[in-house]
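To keep things clear, I will list the structure first and then write my remarks on it.
The values are calculated or read from the model by the stated rules, or taken from the named source; none is laboratory data. This structure is a prediction, so every number in the text was calculated from the model and none was measured. Backbone-built Cβ (ideal geometry, glycine too); neighbour counts: all protein chains shown. For the accessible areas, the whole protein counts, side chains as well, though only heavy atoms, and no ligand, DNA or RNA atoms are used. Shrake-Rupley method; radii C 1.70, N 1.55, O 1.52, S 1.80 Å.
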Amino acid sequence: MNTFKFCPKCATPLAIGAVDAGPQRLRCSSCEFVHWDNPVPVVAAIVEHEGGIILAHNRAWPQKFFALITGFLEKDDPDPASGVLREVEEELGLKTARVAEFVGHYPFPRMNQLIIAYHVVAEGEIVLGEELAEYRRFAFDQLRPWPAATGLALRDWMLKRGHTPLPFLPPEKA
C-alpha cells in the first residue's frame, strides 16, 4: 500500500510509471523523483533468558498476540547484530545480552519489511520498555511459531536445535 501521493521534493502529484526496465513505481513528472518503496530492515531477537525464550506483547497489538523482540534497524546501528542488541536493551532492559548466532532473513511483505533474525542470550532483570505491555517466558517445548516472518525464524531456530515446534493455531483457537 503506497502512502505517498505527492513528491517529497517538489510537492507535484506522483503517478505510476516505468523506471528503466524495472517494475512500475511512483514517479514525479516534474523533478524525476522515484519512490522505490524498498523493504524496511527490521531486526528480531529470539531472546533466551533464564532457560526459556521471551515473547512479548506490544501495546499496539491484539490482546493474545506475543512475538519476538523486534525493531527497525537504525541508520546509526553499526550493523544488524548491534541493532538487535540495542532493541533487546530498549524493550527488555537487558544490558548483558550477546548475539549467539544469526538465524536468517525473512520477508514480511504485508508490512514491506525484511526481518533479520538473531538468537540472543541475555541475563539480568527484565524491565519492560514503553512499547511493551507484558512478556512471557516459554520453555522450548511450549513454543508455537506463527506462519509468517518472525514465526518462521523461530521455527527454523527450533528445528536447528532438534526441537519440534507445536503446530500453529489460529488466534481464535489459541
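How big, in percent, is the set of alpha carbon pairs in segment 27-174 lying more than 19 Å apart?
So the portion of pairs separated by more than 19 Å is 53 percent.
Relative contact order (percent) for segment 1-84, with alpha-carbon contacts under 8 angstrom and 6 or more residues of separation? Write out the running numbers ahead of the final one.
On the way: 105 pairs, mean separation 15.8, N = 84.
After rounding, I find 19 percent.
How high is the relative contact order of segment 63-107, given as a whole-number percent (alpha carbon pairs under 8 Å, six or more residues apart)?
27 percent
For T96, T164, give me the order by solvent-accessible area with a 1.4 Å probe, most accessible first, ignoring ligands, DNA and RNA. Intermediate results must be reported in sequence, preceding the final value.
Numbers: T96 85, T164 115 Å².
The ranking, largest first, comes out as T164, T96.
How big is the charge dipole of the chain about its Cα centre, in debye rounded to the nearest 20, if each Lys and Arg gets +1 on its Cβ and each Asp and Glu gets -1 on its Cβ?
Details: 18 positive and 22 negative charges, 140 e Å.
Its charge dipole is roughly 680 debye.
As a test, work out the antiparallel percent of DSSP beta bridges whose residues both lie in the chain, rounded to the nearest 5. Numbers along the way, then the final one.
Numbers: 33 of 43 bridges.
Percentage antiparallel, nearest 5: 75.
Which loop trypsin sites (Lys or Arg not before Pro) in segment 6-51, with loop taken from DSSP, have no more than 16 other Cβ atoms within 10 angstrom of their Cβ?
Those that pass, being in a loop and sparsely packed, are K9.
Counting C-alpha atoms alone, how compact is segment 60-106: give Rg to one decimal and Dmax as a whole number, in angstrom.
11.9, 34
Using only C-alpha positions, report the orientation-averaged shadow area of the convex hull of segment 1-104, nm², one decimal. Intermediate values should be presented prior to the final figure.
Working: hull surface 39.8 nm².
Dividing the Cα hull surface by four gives the mean projection, 9.9 nm².
Among Q24, V47, A139, pick out the residue whose Cα is farthest towards the positive end of the charge dipole of the chain, where Lys and Arg carry +1 and Asp and Glu carry -1 on C-beta, about the Cα centre.
Of the options given, the answer is Q24.
Regarding segment 74-147, what whole-number volume in Å³ per residue does the convex hull of its Cα atoms give?
So the per-residue hull volume is 134 Å³.
If one takes the longest principal axis of the Cα atoms in the chain, at what angle in degrees, from 0 to 90 and to the nearest 10, does the Cα axis of helix 80-92 lie?
It is inclined by approximately 60 degrees.
Where does the chain land at 222 nm, in deg cm²/dmol rounded to the nearest 500, when only DSSP H runs of n ≥ 4 count, each adding -39500 (n - 2.57), divided by all residues?
-4500 deg cm²/dmol
State, as an integer percentage, the relative contact order of the chain based on alpha-carbon contacts under 8 Å between residues 6 or more apart.
Rounded, it is 20 percent for the chain.
Using a 1.4 angstrom probe on the protein heavy atoms only, could you order K75, K160 from most to least accessible area?
K75, K160
Please compute the per residue accessible area over segment 1-116 with all protein chains in place, 1.4 Å probe, rounded to a whole number of Å².
Result: 60 Å² per residue.
So for V19, V121, V40, what's the accessible-area order with a 1.4 Å probe, most first?
Per-residue accessible area, sorted high to low, gives V40, V121, V19.
Against the longest alpha carbon principal axis of the chain, how many degrees, from 0 to 90 and to the nearest 10, is the axis of helix 149-160 turned?
Result, in degrees: 40.
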